[in-house]
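The values are calculated or read from the model by the stated rules, or taken from the named source; none is laboratory data. Keep in mind that what you see is a predicted model, and the values were worked out from it rather than measured. Cβ atoms come from the backbone with ideal geometry, glycine included; neighbour counts cover every protein chain shown. Heavy atoms of the whole protein, side chains included, go into the accessibility calculation; ligands, DNA and RNA do not. Shrake-Rupley method; radii C 1.70, N 1.55, O 1.52, S 1.80 Å.
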Amino acid sequence: MAKSFVPVDRGDIELGVPLPYSVYDRSGVLLLKAGFAVNLQRHLDILLGNGAFVEQDELARVRAAAAATAAGMRPSGYGTLPRTKLEEQNTYELIEIVKLRLQRLFQHYKLGQGKDEFLPRIEDLGITVQEACTHDTDAVLACLHLDYEMPYEVVHHLQAAILCELMGKKIGVGEDARLTLVKAALTHDIGLIDLQDTLDRQTAPLTPGQRARIDAHPRDSADILRRLGVTDPVWLDAVLHHHERIDGSGYPDGLADEVIRMPVRVLAVADIYSAMIRDRPYRKAMVSRAAMRELMLEQGDKADQRLIQVMIKEVGVFPPGAIVRLANGEIGVVKERQENSAYPVVYAFVKPGGMPMLTPVRRETVRAEFNVSGIVPFSQYRNCISLIRGLWRGD
Amino acid sequence: MDSFTWKPEYSVGDAALDGQHRGLIGIMNRLRTLLQSPALAEAGGEVEAVFDDLARYIAEHFAYEELRMADAGYPLERLAEHRHEHDELVRHVRSFHAEVAEGRYDGLQALLPYLYGEWLIHHICTSDMDYRPYLGAD
């Protein structure tokens, strides 16, 4: 039987308090799971403004439980919702939902469906990214780093959006301006996504037609966004110029130096890094440390050095989700960044002989035997993902 | 208690996945034999080996199955639920592991019915069957 939905009662959702039930959009797409605490007022406004719904059966259950709880204490009460028993839903899971939603949004876009819904959904996804970063940045970064199944276009856009949010916050960009930047990042290659499936599989050199499409994609992307209703000049400018380089070697306009504005520079750095750390058909992904070295050395004159430094400091030399080898031969995953980025918190999940561990063990990497001796590509250990991802699911 | 055997009704219609699922039955039998030994607390290494087997089974099977489901066009939301179910199985087995690590061997007695009821009958025979048609088995 199809589920039926009713609009959320605004009074049921309180800032900073776990949601009493799961919230869906008007077409029944899961937005936030029960237990997630909305911390940003703007998130709440956008959520309710775009239409937030609850499944009728779930609402009835929650109301009944609330009434039962209240019965003993407040005889007249219809009941507030039983909040104290709710566990907060974790951020890793929220980013999994964001990935699914972005994937579906791009699928609809490619099929030419739901054009009116596109911008409100990007707005909502953008604010959810910001919300997730306020909750648990380590979990957000890990969830992207440990992805092994989403199409490139989904992970690439989301990774760029997260990096824009983190860098933007670090250099003092205000919340609203950051949201614009995040939305630009979520849509910056929209002019290419119909071609992306082919590019994902292709190992042969680009055809002249494909080359032309790639050269034209910043302009195409900006045009598409304009047609979808984007009027914000900062958003459009960031998308149009995200391939411009400070030494003037970029495209489409060959802009240089100060003419390239800050939001554009932020998106450019986020775009370059997030493209480097994913497998492509024509080259293997670089591990984060190699990508950072290349960013500094080879992109030195092309991208904003200060921003590269900010990003490296934010993400860390060993970012959450990175797979590392320890001095004692164990393989572990970085769980949390630390002030000294050489010594992150790592959980070992493979024994020195190569056997997976059922229960990963926390290792203090500052101790000599557990020093991080190097990064290992995730692809070598992705079979262990079910043993790893529980670390962010509140086990 | 008789040993557990593979039955055709456990098949999800894919030889590789069925082969992996058979591995779980092997682990259940190993655990069953262990539980019949009189001095369980002294069989520490053997007990740990069962958990090692489970870790290897999880690493061999879950990610493979999830990728296979995604490739077969299994709906995204249902795949997310399935993944969640995998995570729950891992979480439960870990809690048994933690109990045993603290010397509470009752946990081990309860592990076998858990593997049989939740893992084999509920997960494999119910949840996994949901993707069977997508693999083109029917």
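Residue B:79 falls short on exactly one of the conditions (1) under 15 Å from the mean Cα position of the chain (by Cα); (2) within 16 Å of residue B:129 (Cβ to Cβ); (3) not in a loop (DSSP other than H, G, I, E, B), and that condition is (1).
Inspect all residues belonging to segment A:139-152 and state whether any of them is modelled with pLDDT of 95 or more, under 17 Å from residue A:110 (Cβ atoms) and either basic (Lys, Arg) or open to solvent by 10 Å² or more (accessible area, probe 1.4 Å) (or both). No, segment A:139-152 has no match at all. Considering segment A:370-393, and only residues there that are within 14 Å of chain B (Cβ to nearest Cβ) and open to solvent by 70 Å² or more (accessible area, probe 1.4 Å), the residue that is nearest to residue A:287 (Cα to Cα) turns out to be A:380. Of all residues in segment A:286-303, those that are free of Cβ contacts under 8 Å to residues at least 40 places away in the same chain have Cβ atoms under 8 Å from Cβ atoms of residues that are surrounded by fewer than 17 Cβ atoms within 10 Å (Cβ to Cβ), 6 or more apart or on another chain, in A:286/A:294; A:296/A:305. The selection criterion, being under 24 Å from the mean Cα position of the chain (by Cα) and of a type in the set (A, V, I, L, M), holds for residue A:277. Please enumerate the residues belonging to segment B:84-138 that are assigned to a loop (DSSP other than H, G, I, E, B) and not small (Gly, Ala, Ser). Of everything in segment B:84-138, those that are assigned to a loop (DSSP other than H, G, I, E, B) and not small (Gly, Ala, Ser) turn out to be B:102, B:104, B:105, B:138.
A single member of B:77, B:60, B:99 is closer than 19 Å to residue A:357 by Cβ and at the interface with chain A (Cβ under 9 Å from one of its Cβ atoms), and it is B:60.
Just to be sure, is residue A:316 open to solvent by less than 10 Å² (accessible area, probe 1.4 Å) and in contact with a Cys (Cβ under 8 Å, 6 or more places away or on another chain)?
Numbers: open to solvent by less than 10 Å² (accessible area, probe 1.4 Å): yes; in contact with a Cys (Cβ under 8 Å, 6 or more places away or on another chain): no.
Judged against the criteria, residue A:316 is not a match.
If you check A:287, A:259, A:230, A:264 for being open to solvent by 20 Å² or more (accessible area, probe 1.4 Å) and within 23 Å of the chain's Cα centre (by Cα), only one passes: A:287.
Please go through segment A:352-369 and give me each residue that is more than 7 Å from chain B (Cβ to nearest Cβ), crowded, with 21+ Cβ neighbours inside 10 Å and out of contact with any Pro (no Cβ under 9 Å at 6 or more places or on another chain), ordered by number. Within segment A:352-369, A:360, A:363 meet the criteria.
Give me the residue from segment B:87-126 that is among the hydroxyl-bearing types (Ser, Thr, Tyr) and in contact (Cβ under 8 Å) with a residue 24 or more places away in the chain and, out of that set, most open to solvent (accessible area, probe 1.4 Å).
Within segment B:87-126, the first condition is being among the hydroxyl-bearing types (Ser, Thr, Tyr), and the residues that meet it are B:95, B:105, B:114, B:116, B:126.
If we keep only those that are in contact (Cβ under 8 Å) with a residue 24 or more places away in the chain as well, we get B:105, B:116.
Working: B:105: 56, B:116: 90 Å².
Within segment B:87-126, the match that is most open to solvent (accessible area, probe 1.4 Å) is B:116.
Within segment A:350-373, residues that are among the aliphatic types (A, V, I, L, M) sit with their Cβ atoms under 7 Å from residues that are assigned to a loop (DSSP other than H, G, I, E, B), at 6+ positions apart or across chains, in these pairs: A:350/A:330; A:357/A:351; A:366/A:343; A:368/A:327; A:372/A:318; A:372/A:365.
Can you pull out the residues in segment A:110-126 that are within 15 Å of residue A:27 (Cα to Cα) and not hydrophobic (A, V, I, L, M, F, W, C)?
So in segment A:110-126, the residues within 15 Å of residue A:27 (Cα to Cα) come out as A:113-118, A:120-121, A:124.
Residues satisfying the conditions are A:113, A:114, A:115, A:116, A:117, A:120, A:121, A:124.
When you check residue B:68 against the structure, is it in contact with a Pro (Cβ under 8 Å, 6 or more places away or on another chain) and open to solvent by 60 Å² or more (accessible area, probe 1.4 Å), yes or no? Against the criterion (in contact with a Pro (Cβ under 8 Å, 6 or more places away or on another chain) and open to solvent by 60 Å² or more (accessible area, probe 1.4 Å)), residue B:68 does not qualify.
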